[in-house]
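K.L.:
This is the structure, below, for whatever I ask next.
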Amino acid sequence: MIELKPIVKIQKEYLDLISKYVDCLTDEETTNSELAYFFEEVSLFWRRKHEIIDFFLKKISTDDKCSFLAGAMYIDLKNDGHYEFAPCGQYRIFTDPVSKMRTFFLTESSAINQKRVRDYLVKVVNDCINVLSEFSNYFIVLPLDDIFSEDQEDRMAFLKKSSYSFISSLFVNPCATEEEFIDKYHSLKEIEQDIRADLLDKLILNDKSDVSISLQERIEKNLNDTLSLDVLRQRMGDAEIFLMAIGQFFMQIMDIILIAISYKLIPFVRSDVVFNYLLITYPMISEDKVAVTLLEQTTIAYIFHKMYGNYDFSSLTFSDYHSHVSENRIIDSVIEKSRSKGKSVFDLQISEIASLIKEECSSFLPA
Amino acid sequence: MDKDKQFSKLSDHTFKKGVLYTPFNSSLGDQLSLSPWAIEWLPEYLWLALILEQYGREDGLNVVSRIAGELSKIDKGLCIPMLSKIIELEPQKQRIFYEVICKWATRDVLSPLTIIYRTDKYALFYEYFSDFETSIDEKTVTLQNVIEKNLFHQTNEATDIRFLILWFNVFAERIHFARGMEITKALVEYPKLSHDHQEMRLYRSLIRSSEMALRFREGNGDFPKRFWHSLGLLTKCRTFIIDYGEQVGGSVSFLEDAVNTIDYLMANNKESLLTDEKFSVCLGIATYALKIYKEVLESRIGDGILGRNALRTITEVYVTLKYMSLKEQDQPDIWKAFKDYGIGKYKYVILKAREVEPDLEKHHFALPVLEALLNEDKGEEFTNMDTRLFDNQNIRKKFEAIGENDLYDLYYEYDTNFTHGLWGAIRESAMIFCDNPSHKYHTVPDITFEQKLRSVEHDCEYVLKKLFNQLSSFYEFPDFFIDKYGGLDD
């Protein structure tokens, strides 16, 4: 059951709220206290709406075909992210990027590149404003992360615990606890040597080219966006750095699965790295019917994104495009066709799925 | 019930124009304007409560004393405890006020209030007391703790705040107490003594009454309302379900014994069953009550709303039965009159149905069956509709007449609330207490249907035994029943 009326109202109010802060965010003179006030205002805004958002999310069923942008901070209108997201679901939610970014500013760490983070904040806020101004009929912004705030501690503990179980399963001789792991390993090289050979290639942190570089290089490349490895090494050992760098992906995936199953939302994943970790963790949840139903759709949407991610949509207005892909029709159709072959989507070859997608889209997305 | 508490008895109340007034309201009447501490005044003084919470009673009183003392030295007009008045001060004076607070207390003490008082209207307050090291959650929890301790106007913590309010006014020379007065002594001694000290019982009440007198001079507009509104929206309801635990249930064996007794009475009074109106009515009433009781047990609705409706009906039919037996001497045909009255009521419904022509496929009454019942004893053209039941006596008088006043007060009157859906019943059964102090202990609808009521099973059986006792005075009961239940009235 989808009850949109109050959510539509909230979208407008949220747009008004963040629009007021654009100047403040772009002004280089803005102090950290002013930024903190902005985050507080956003947080208080969502808290005031908590009950009705919770109601909206709790009433969603798998039949409502509601999706959420998973593993990405913002839709990215500039790079046609809205075109990629549109085929996934009848209703599409993206997590409030401001709420997500708050954690970067809560950390007083000097290792964080504040300038980069602030520029990024401006970018995601502007994207959010543009989505809410121009595409509010198609996308919904909600604080999906914060909605669990009541059991935030339990949730984090669960994510951390399950993340470590995944990590330890990567090793030839797994350590029972994190403490044991930290005691055992003193360099990234030692860690790399003990990781099962067949899984090392799956430990992608940046993109597929990671397979050709060492574990340390992967981590350095990944951290460089916000942190420096050298600065980090002053505060923690290599084992801890590894757990943090790899753990964040497993925690992210567990978080995505938790949100998906809790609220019956289809995760829309467009990041190769995130999708890669989803595949690694899939065997663990493949018994859960709801999860399988949702992730089947995730897979089709991901393959669609891989096929049309670089497509030049400029000749097609978004509303025309939406009329072709709305109501989850591409995904539903592919699933229906796979069923008619007596198979689930997961039984098909990627090329088969791609061919079914192409069949559906060729009329409005010519090669 | 807490016997130490002094409550007015029912007889202490005064009945005026349909209302039973409490002795308190009766004497003061419309002159009394209640000013609830929690709702209207606590938001004004939470900043004082936060200081006491942070530093403890002794040091906290000391810190506030220094703040008030210094403010009064700077400008007596600045020595005000009400936050709504403080934030109305011109900016320069506000700054002085906040500087003084920050001199004696750390600024994070008042930071919980910054989730309510934001920069749009309270920029200066925010400037001085914002603290980003503490999360919104932590600030909310602190506020809730402080509110919980001070919500009721007579707690020790609330009295401490009320003492500080007086102190501010004394420092500002807005109030004066003559030497030798009890209140003067109380003001001097109060901060020195712990709440356990025996003198404090008197001092606390003096402090509270003096502070209350001050309130009549002050007005604070929408300030408290806005506070509760802002804080209320930021926090979630905490529903508090009352668990009644294991309860005394009804017994299936009594039901079976009662059914066997009716069976026996029918078999043993076959002739009466065929011709006697009284016998028919008595057994009809008893069976009707038993069927209700069986539904209560089988459907397990004893702890639900319908259970109370069931008990009320069982009680009412018992009273009707006993009342008819009382009136039988003066009105021998009372049993027939009872049936005629009931059939007359049916006739009214049937005539209405014929006019309205409802969709009988969906409607809950079976018109053809009802018509057959109407015409059972005589043709409907000869059946009048008597709007009076017996002597038109009201239900309360009937309970009185048969000596069942307690049954009226504790069963019928209470359960009628549920039948009529009056607020007491709605509140008890369908609304749950919210244990969140920042919501001022409001109630929330029980949409998860978790709240149960005390079960009526035992009471249903109690009234049924009375009914069977009445029946046994008319007809010879089987030995198995008499042996087992003997004096049913007990």
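K.L.:
Considering only B:Leu50, A:Val231, A:Ile261, whose Cα is most displaced toward the positive end of the charge dipole of the protein assembly as shown, charges sitting on Cβ of Lys, Arg (+1) and Asp, Glu (-1)?
P.N.:
Selected residue: B:Leu50.
K.L.:
Just want the answer: with Cβ charges of +1 for Lys and Arg and -1 for Asp and Glu, which residue in B:Thr119, B:Asn145, B:Met212 is farthest toward the dipole's positive end in region B:37-235?
P.N.:
Toward the positive end, the furthest listed residue is B:Met212.
K.L.:
Sort out for me the Cα centre separation of region B:424-490 from region B:364-400, rounded to whole Å.
P.N.:
Spelled out, the Cα-based centre of one part sits 28 Å from the other.
K.L.:
What is the dipole size for region B:360-460, taken about its Cα centre, with +1 at each Lys and Arg Cβ and -1 at each Asp and Glu Cβ, in debye to the nearest 20?
P.N.:
Approximately 480 debye in magnitude.
K.L.:
Sticking with this structure for a sec: If the cut-off is a Cα-Cα distance under 21 Å, which lysines reach A:Lys49, setting aside same-chain residues fewer than 8 apart in sequence?
P.N.:
Of all the lysines, those that pass the test against A:Lys49 - Cα under 21 Å, at least 8 places apart if same chain - are A:Lys5, A:Lys9, A:Lys12, A:Lys20, A:Lys58, A:Lys59, A:Lys100, A:Lys264, B:Lys139, B:Lys225, B:Lys236, B:Lys440.
K.L.:
Moving on. Set the Förster distance to 56 Å, then compute FRET efficiency between A:Lys59 and B:Ala178 from the Cβ-Cβ distance, nearest 0.05.
P.N.:
After rounding, the FRET efficiency stands at 0.25.
K.L.:
Taking θ as phi - 60°, what are the ³J(HN,Hα) couplings along region A:285-290 by the Karplus curve (6.51, -1.76, 1.60), each to the nearest whole Hz, with x for Gly and Pro?
P.N.:
10, 5, 8, 7, 4, 4
K.L.:
Taking amide H positions as placed 1.01 Å from N in the peptide plane, with prolines and chain starts having none, which residues 5 or more places from A:Phe94, or on another chain, fall under 5 Å of its amide H?
P.N.:
A:Leu69, A:Ile140, A:Val141, A:Leu142
K.L.:
Rounded to the nearest 500, what is the protein assembly as shown's calculated 222 nm mean residue ellipticity when only DSSP H runs of at least 4 contribute -39500 (n - 2.57) each, over all residues? Mind showing how you got there, number by number?
P.N.:
Working: 40 runs with 505 residues, N = 857.
Taken over the protein assembly as shown, the calculation gives -18500 deg cm²/dmol.
K.L.:
Sticking with this one: For B:Ile87, enumerate residues with amide H under 5 Å from its amide H, sequence gap 5+ or separate chain, H modeled in the peptide plane.
P.N.:
none
K.L.:
Continuing with this model, one more query. Kindly work out what percent of the DSSP beta bridges joining two residues of the protein assembly as shown are antiparallel, to the nearest 5.
P.N.:
So the antiparallel bridges amount to about 40 percent of the total.
K.L.:
Distance between Cα centroids, region A:285-323 to region B:80-95: provide it in whole Å.
P.N.:
So the two Cα centres are separated by 58 Å.
K.L.:
Give me A:Phe55, B:Phe125 sorted ascending by neighbouring Cβ count inside 10 Å, so fewest comes first.
P.N.:
A:Phe55, B:Phe125
K.L.:
Starting from the 7 Å offset along Cα-to-Cβ, what nm value, one decimal, do you get for the label separation of B:Leu214 and B:Lys103?
P.N.:
About 2.1 nm, to one decimal.
K.L.:
Same structure again: What's the magnitude of the charge dipole for region A:152-251 around its Cα centre, counting Lys and Arg as +1 and Asp and Glu as -1 at the beta-carbon? Answer in Debye, nearest 20.
P.N.:
Charge dipole of region A:152-251: 180 debye, to the nearest 20.
K.L.:
While we're here: What FRET efficiency would be calculated for the residue pair B:Leu274, B:Thr14, taking the C-beta separation as r and a Förster radius of 51 Å, to the nearest 0.05?
P.N.:
0.35
K.L.:
R0 = 56 Å: FRET efficiency of B:Thr134 with B:Asp359, Cβ-based, nearest 0.05? Walk me through the numbers before you get to the answer.
P.N.:
Values: r = 64 Å, r/R0 = 1.14.
Efficiency computed from Cβ-Cβ geometry: 0.30.
K.L.:
Right, another one. Could you tell me how far the Cα centroid of region B:199-214 sits from the Cα centroid of region B:243-304, in Å?
P.N.:
60 Å
K.L.:
A further question on this structure: Non-local amide H neighbours of B:Ile432 (under 5 Å, H modeled in plane, Pro and chain starts lacking H): which ones?
P.N.:
For B:Ile432, the qualifying residues are B:Val444, B:Asp446.
K.L.:
Give a quick list of GluC sites (Glu not before Pro) in region A:307-367 that DSSP marks as loop, anything other than H, G, I, E or B, with at most 13 other Cβ atoms within 10 Å.
P.N.:
Sites meeting the loop and neighbour criteria: none at all.
K.L.:
Say the dipole of the protein assembly as shown comes from +1 at the beta carbon of Lys and Arg and -1 at that of Asp and Glu; which of A:Leu188, B:Gln331, B:Ile305 then lies farthest toward its positive end?
P.N.:
Toward the positive end, the furthest listed residue is B:Gln331.
K.L.:
Ratio to report: Rg/Rh of chain B, with Cα atoms as the point set and Rh obtained by the Kirkwood method; give two decimals.
P.N.:
Reported Rg/Rh (Cα atoms, Kirkwood Rh): 1.16.
K.L.:
A:Lys160: which aspartates and glutamates have alpha carbons under 16 Å from its alpha carbon, excluding same-chain residues fewer than 8 sequence positions away?
P.N.:
A:Asp145, A:Asp151, A:Glu178, A:Glu179, A:Glu180, A:Glu240, A:Asp255
K.L.:
Right, another one. What are the ³J(HN,Hα) couplings of region A:90-98, residue after residue, when phi is run through the Karplus curve with 6.51, -1.76, 1.60 and θ = phi - 60°? Round to Hz, x for glycine and proline.
P.N.:
7, 10, 10, 10, 10, 5, 4, x, 5
K.L.:
Testing the spin-label approximation: label points 7 Å from Cα along Cα→Cβ at B:Asp263 and B:Tyr475. State their distance in nm.
P.N.:
In this crude label model, B:Asp263 to B:Tyr475 measures out at 1.4 nm.
K.L.:
Something else about it: What is the sum of charges, Lys and Arg at +1 and Asp and Glu at -1, for the other residues whose Cβ falls under 10 Å from the Cβ of B:Asn375?
P.N.:
Numbers: positive: B:Lys347, B:Lys378; negative: B:Glu371, B:Glu376, B:Asp377, B:Glu380, B:Glu381.
Local charge sum for B:Asn375: -3.
K.L.:
Using the crude model of +1 on Lys and Arg Cβ and -1 on Asp and Glu Cβ, and no other charge, please compute the dipole size for the protein assembly as shown relative to its Cα centre, in debye to 20.
P.N.:
2020 debye
K.L.:
Between B:Arg57 and A:Met244, how many nm apart are label points set 7 Å from Cα along the C-beta direction?
P.N.:
4.7 nm
No value in this document is a laboratory result; all are computed from the given coordinates. All of these numbers come straight from a predicted model, not from anything done at the bench. All Cβ positions, glycine included, derive from the backbone under ideal geometry; neighbour counts span all protein chains shown.
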